[in-house]
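> The structure under discussion is supplied below as structure tokens; questions concerning it will follow.
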Amino acid sequence: MTRGERNVVVNVKPHALFPGIYWITVDKGSRKLGTKNLSAGHSVYGERLIKFNGEEYRLWDPYRSKFAASILNGLDNVPILPKDKVLYLGAASGTTASHVSDIVGEDGQVYCIEFASRSLRDLVNNVCVYRYNMSPILADARIPETYSRMVNHVDSIYFDVAQPEQARVLADNSDIYLDKGGGIMLAIKSQSIDVTMEPAAVFKNEISILEARGFRISNVIGLEPFDKAHVMVVAHK
């Protein structure tokens, strides 16, 4: 044990299953997820920074990140590892993408696809300028061939785009960019696909599309109470 910020006793231990992800004990024994900060001294979305044994860690808020929420809800397979190249579809302003940047580390790369110019500007100015392993790309994930000159083959794809045909768009990207044996993480928001259907039916349809495109599903994790009507799907091809 040592003392971190605000003179609060903290402890940091690697997650037993997921390299690059940590359990951080803070305050009165509260245990939270975190990642080692690739850009020491810089917070991305107001998250707390913790110093321990000469390293700096960022607490990972599950209410701001579906990735973190899925881990807390029992995910047992994360296809994003240190040194990986990751295609991140729907990077927005970089909340979760920055934690992916931490996980893959200085020898990895995160290709950040974002369609909204304002979000991409925030991503560049507030995040990527401090993180050399993040490549911001203004593009439409529905047209994956448009960024083929900027993106190499990747080890994994993370998808969080609130639009219809989420599974199809991810599969189209995987056909071009995902290495054989690579994994995907798909955050499905049912209301972005069909508000007239029950969420369970929407999830089933999207998973069926992935299976028809050659994916083997390993995890389907509901994200409540952190996000309603969402699931995280992990699969490999």
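The values are calculated or read from the model by the stated rules, or taken from the named source; none is laboratory data. Computed from a predicted model, the values in this text were never measured in an experiment. We place every Cβ from the backbone using ideal geometry, glycine too, and count neighbours over all the protein chains shown.
> Which residue is farthest from G34 (Cα to Cα), if the candidates are limited to segment 82-119 and must be out of contact with any strand residue (DSSP E or B) (no Cβ under 8 Å at 6 or more places or on another chain) and among the polar types (S, T, N, Q)?
Among those residues, the one meeting the criterion is S119.
> Tell me, please, whether a residue that is among the hydroxyl-bearing types (S, T, Y), touching a strand residue (DSSP E or B) at 6+ places or on another chain (Cβ under 8 Å) and either touching a residue at least 60 places away in the same chain (Cβ under 8 Å) or not assigned by TED's automatic domain parsing to the domain that holds V10 (or both) can be found in segment 41-48.
Filtering segment 41-48 for residues among the hydroxyl-bearing types (S, T, Y) gives 43, 45.
Filter once more, so that each one left must be touching a strand residue (DSSP E or B) at 6+ places or on another chain (Cβ under 8 Å): 43.
Of the ones still in play, those that are also either touching a residue at least 60 places away in the same chain (Cβ under 8 Å) or not assigned by TED's automatic domain parsing to the domain that holds V10 (or both) are none.
No, segment 41-48 contains no residue that is among the hydroxyl-bearing types (S, T, Y), touching a strand residue (DSSP E or B) at 6+ places or on another chain (Cβ under 8 Å) and either touching a residue at least 60 places away in the same chain (Cβ under 8 Å) or not assigned by TED's automatic domain parsing to the domain that holds V10 (or both).
> With L38, L33 as the choices, which residue is in contact with a Pro (Cβ under 8 Å, 6 or more places away or on another chain), outside the structural domain of V110 (by TED's automatic domain parsing) and of a type outside the set (G, A, S)?
None of the other options fit; the residue is L33.
> Considering only helices (runs of 4 or more DSSP H) fully contained in segment 163-237, which possess at least 3 residues that are modelled with pLDDT of 95 or more and over 21 Å from Y111 (Cβ atoms)?
Per the criteria, 199-212.
> Related question: Between a residue in segment 183-211 that is in contact (Cβ under 8 Å) with a residue 40 or more places away in the chain and any residue that is of a type in the set (S, T, Y), which pairs come within a Cβ distance under 7 Å, given they are 6 or more apart or on different chains?
Note: pairs meeting the criteria are G183/S156; I184/S156; I184/S174; M185/Y158.
> Considering only residues that are surrounded by 24 or more Cβ atoms within 10 Å (Cβ to Cβ) and within 18 Å of V154 (Cα to Cα), which ones fall in segment 84-95?
Passing the criteria: V86, L87, Y88, L89, A91.
> Within segment 9-45, work out how many residues are in contact with a His (Cβ under 7 Å, 6 or more places away or on another chain) and not β-branched (V, I, T).
2
> Can you pull out the residues in segment 106-158 that are among the small types (G, A, S) and not in a strand (DSSP E or B)?
Selection gives G108, A116, S117, S119, A139, A141, S148.
> Oh, and also: In segment 100-123, which residues are hydroxyl-bearing (S, T, Y) and without any contact (Cβ under 8 Å) to a residue 60 or more places away in the chain?
Y111, S117, S119
> Then there's this: Could you tell me which of the residues A91, A97 is assigned to a loop (DSSP other than H, G, I, E, B), under 18 Å from D227 (Cβ atoms), under 10 Å from the mean Cα position of the chain (by Cα) and in contact (Cβ under 8 Å) with a residue 12 or more places away in the chain?
Working: A97 fails: assigned to a loop (DSSP other than H, G, I, E, B).
Only one candidate passes the filter, namely A91.
> Does A167 count as touching a Leu at 6+ places or on another chain (Cβ under 7 Å), assigned by TED's automatic domain parsing to the domain that holds I71 and among the small types (G, A, S)?
Against the criterion (touching a Leu at 6+ places or on another chain (Cβ under 7 Å), assigned by TED's automatic domain parsing to the domain that holds I71 and among the small types (G, A, S)), A167 qualifies.
> Quick one: would you say T35 is buried (at least 16 other Cβ atoms within 10 Å of the Cβ), touching a residue at least 24 places away in the same chain (Cβ under 8 Å), polar (S, T, N, Q) and part of a strand (DSSP E or B)?
Values: buried (at least 16 other Cβ atoms within 10 Å of the Cβ): yes; touching a residue at least 24 places away in the same chain (Cβ under 8 Å): yes; polar (S, T, N, Q): yes; part of a strand (DSSP E or B): yes.
Yes; evaluated as a whole, the condition is true for this residue.
> For segment 101-138, name all the residues that are farther than 22 Å from R149 by Cβ and among the β-branched types (V, I, T).
I103, V127, V129
> Now a separate question. Just checking, how many residues over segment 124-143 are touching a residue at least 60 places away in the same chain (Cβ under 8 Å), within 13 Å of S43 (Cα to Cα) and either in the same structural domain as L38 (by TED's automatic domain parsing) or not aromatic (F, W, Y) (or both)?
Residues in segment 124-143 being touching a residue at least 60 places away in the same chain (Cβ under 8 Å), within 13 Å of S43 (Cα to Cα) and either in the same structural domain as L38 (by TED's automatic domain parsing) or not aromatic (F, W, Y) (or both): 3 in total.
> Given the structure, is Y158 among the hydroxyl-bearing types (S, T, Y) and touching a helix residue (DSSP H, G or I) at 6+ places or on another chain (Cβ under 7 Å)?
The answer is yes for Y158.
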